[in-house]
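Below is the structure I would like to discuss, written out as structure tokens.
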Amino acid sequence: MSTAHGGVARTFRVPGRHGYAAEFSPYLPGRLACATAQHYGIAGCGTLLVVDQNESGLRLFRSFDWNDGLFDVTWSENNEHVLITCSGDGSLQLWDTAKPTGPLQVYKEHTQEVYSVDWSQTRGEQLVVSGSWDQTVKLWDPTVGKSLCTFTGHESVIYSTIWSPHIPGCFASASGDQTLRIWDMKAAGVRIVIPAHQTEILSCDWCKYSENLLVTGAVDCSLRGWDLRNVRQPVFELLGHTYAVRRVKFSPFHASVLASCSYDFTVRFWNFSKPDLLLETVEHHTEFTCGLDLSLHSPTQVADCAWDETIKIYDPACLTLPP
């Protein structure tokens, strides 16, 4: 099923900024953060945009500039105003949307681009994990100015780091070394190494409904599901993208539904428990689509951003129907 724009998309234009990541606020239903970069992230500065929805569309609530491209963004899980971005200069930045300027704090330890940052979702933890092109993962407490721990083992750049929503202190990373790795901060090392693809892996995500299920998206255009109890082969493979899969996200509302965006300019929605795996293809960008998120408040709402200088929020037809 193919649609031109997945229903009526609300569009926010960001001239001169190319979108890398989008994330809905876990607190405010209409709020979205987007990490962007000038010149496709190759040179120039970056901008964090915080956008609100209203009946007339999308409006800018706050924007913050940084002196290098911003590649990912994550909201605090204990303060509705706070978020962290990461950038091409190897640093993480802590911002407060209640203040017009920032950042409040900068964490500079990585020696190359930081491509991924994620705030822990499990209760009792206020921890952030970052993944870098320097082949390391770092663990941070945002109230402390330096990292708590550095995890080594990947043999190429790290593109994606994501906390388990189920297991405290457990996170996953995906890398150009073609592996998905599961780490335990208490053991200070890797628990599982999965040779998940034969190409670079650009994204991973943890299922919200199963502590054992993850998905990877890779340069080979495929998404693969992995059950940590038996990682010899994937439990599902989703084919359809025609260029590299840039980001994958499980639905917070439907246990077997997920979304992916790609350098083929599309966003695709899948149900890996159905015979027809592909639910819908949304084609409303004209450049690489890099950022993607599914709302925690609305079962139908999706946000994405691309290198065509637009951010879009929309309700794809497949999510408005029973899964």
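Consider the stretch 76-96. How many of its residues are hydrophobic (A, V, I, L, M, F, W, C), within 16 Å of the chain's Cα centre (by Cα) and surrounded by fewer than 24 Cβ atoms within 10 Å (Cβ to Cβ)?
The qualifying residues number 0.
Could you please find all residues in the stretch 38-74 being among the aromatic types (Phe, Trp, Tyr) and open to solvent by 40 Å² or more (accessible area, probe 1.4 Å)?
TYR40, PHE61, TRP66
Would it be correct to say that THR150 is surrounded by fewer than 23 Cβ atoms within 10 Å (Cβ to Cβ), of a type in the set (Ser, Thr, Tyr) and touching a Pro at 6+ places or on another chain (Cβ under 8 Å)?
No; evaluated as a whole, the condition is false for this residue.
In the stretch 265-286, what count of residues is obtained for those that are among the hydrophobic types (A, V, I, L, M, F, W, C), open to solvent by 40 Å² or more (accessible area, probe 1.4 Å) and within 18 Å of VAL235 (Cβ to Cβ)?
Going through the stretch 265-286 one residue at a time, the tally reaches 3.
When the stretch 243-288 is examined, which residues are found to be β-branched (Val, Ile, Thr) and touching a residue at least 24 places away in the same chain (Cβ under 8 Å)?
Scanning the stretch 243-288 gives VAL245, VAL248, VAL257, THR266, VAL267, THR281, VAL282.
Let me ask you something else. Name the one entry in LYS312, LYS208, LYS249 that is under 14 Å from the mean Cα position of the chain (by Cα), closer than 29 Å to SER132 by Cβ and either surrounded by 24 or more Cβ atoms within 10 Å (Cβ to Cβ) or of a type outside the set (Gly, Ala, Ser) (or both).
LYS249
Here is a further query. Being under 18 Å from ARG247 (Cβ atoms), charged (D, E, K, R) and in contact with a strand residue (DSSP E or B) (Cβ under 9 Å, 6 or more places away or on another chain) is true for just one of GLU211, GLU200. Which residue is that?
When all the criteria are applied, what remains is GLU200.
Just checking, how many residues over the stretch 171-189 are modelled with pLDDT of 95 or more, of a type outside the set (Val, Ile, Thr) and more than 17 Å from the chain's Cα centre (by Cα)?
Count: 3.
Scan the stretch 160-201 residue by residue and report those that are assigned to a strand (DSSP E or B), open to solvent by less than 10 Å² (accessible area, probe 1.4 Å) and not small (Gly, Ala, Ser).
THR161, TRP163, CYS170, PHE171, LEU180, ILE182, TRP183, ILE194, ILE201
Continuing with the same structure: I'm trying to understand the selection: among the residues of the stretch 148-159, which are of a type outside the set (Gly, Ala, Ser) and part of a loop (DSSP other than H, G, I, E, B)?
Within the stretch 148-159, LEU148, THR152, HIS154, GLU155, VAL157 qualify.
Which condition from (1) under 23 Å from TYR159 (Cβ atoms); (2) in contact with a Phe, Trp or Tyr (Cβ under 7 Å, 6 or more places away or on another chain) is the one that GLY240 breaks?
Going through (1) under 23 Å from TYR159 (Cβ atoms); (2) in contact with a Phe, Trp or Tyr (Cβ under 7 Å, 6 or more places away or on another chain) one by one, GLY240 breaks only (2).
Please identify the pairs in which a residue from the stretch 97-115 that is farther than 25 Å from LEU28 by Cα has its Cβ atom under 6 Å from the Cβ atom of a residue that is modelled with pLDDT of 95 or more and among the acidic types (Asp, Glu), counting only partners at least 6 apart or on another chain.
What qualifies is HIS110/ASP134; THR111/ASP134; GLN112/ASP134.
Which condition does ARG229 not pass, out of (1) surrounded by fewer than 17 Cβ atoms within 10 Å (Cβ to Cβ); (2) under 22 Å from GLU23 (Cβ atoms), if it passes all the others?
Against the list (1) surrounded by fewer than 17 Cβ atoms within 10 Å (Cβ to Cβ); (2) under 22 Å from GLU23 (Cβ atoms), ARG229 comes up short only on (2).
The values are calculated or read from the model by the stated rules, or taken from the named source; none is laboratory data. Computed from a predicted model, the values in this text were never measured in an experiment. All Cβ positions, even for glycine, are placed from backbone atoms using ideal geometry, and neighbour counts span all protein chains on display. The protein model used for the area step is the full one, side chains on, heavy atoms only, and it has no ligands, DNA or RNA in it. Shrake-Rupley method; radii C 1.70, N 1.55, O 1.52, S 1.80 Å.
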